[in-house]
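J.: Here it is, the structure in full.
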Amino acid sequence: MKPGYQVIMQNCYEALKEKNKDKVWTVNSEPWELCGSEVVLLKGYNGGFATKFLRVVSTASVDFKRGDPVRLDNGAVGIVERASKKHFWADINLGQRTKRISWGNLTLDTNSQSAGNPVLAATS
């Protein structure tokens, strides 16, 4: 989870509150450990919020950096070679070739981890 990710609350008491239902929050900090749970700050929410109760809905405002791992929907794995926030694309190095992916097609694969962080997933 990185600053700029847009998330919604799920599977917790706070997610059931009418004011939070389907509300999109913006992650405002790097994660840290608090009382045995990984938490982040959410813009407009007081205190840390456990990441296990957040589902990423958009990474469009995030600066992907060179070397971030990416898994394509066809199973191919690559890394971010370069990205343009201005034009909303990322070039993914797949070893033998490079594929340009629109940021709208990049999400997080929360089932895959690299160095403890979810891997970017892309629809090709």
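The values are calculated or read from the model by the stated rules, or taken from the named source; none is laboratory data. No experiment lies behind these values; they were computed from the predicted model shown. When we count neighbours, we look across all protein chains shown, and the Cβ atoms used for this are built from the backbone with ideal geometry, even at glycine.
J.: Report whether or not Arg71 is modelled with pLDDT under 90, in contact with a Ser or Thr (Cβ under 8 Å, 6 or more places away or on another chain) and on the phi < 0 side of the Ramachandran plot. Can you show your working first?
T.: On the way: modelled with pLDDT under 90: yes; in contact with a Ser or Thr (Cβ under 8 Å, 6 or more places away or on another chain): yes; on the phi < 0 side of the Ramachandran plot: yes.
Criteria met by Arg71.
J.: If you scan region 84-97, which residues turn out to be modelled with pLDDT under 80 and part of a strand (DSSP E or B)?
T.: In the first step, residues of region 84-97 are kept if they are modelled with pLDDT under 80; the result is 84-90.
Across region 84-97, the qualifying residues are Ser84, Trp89, Ala90.
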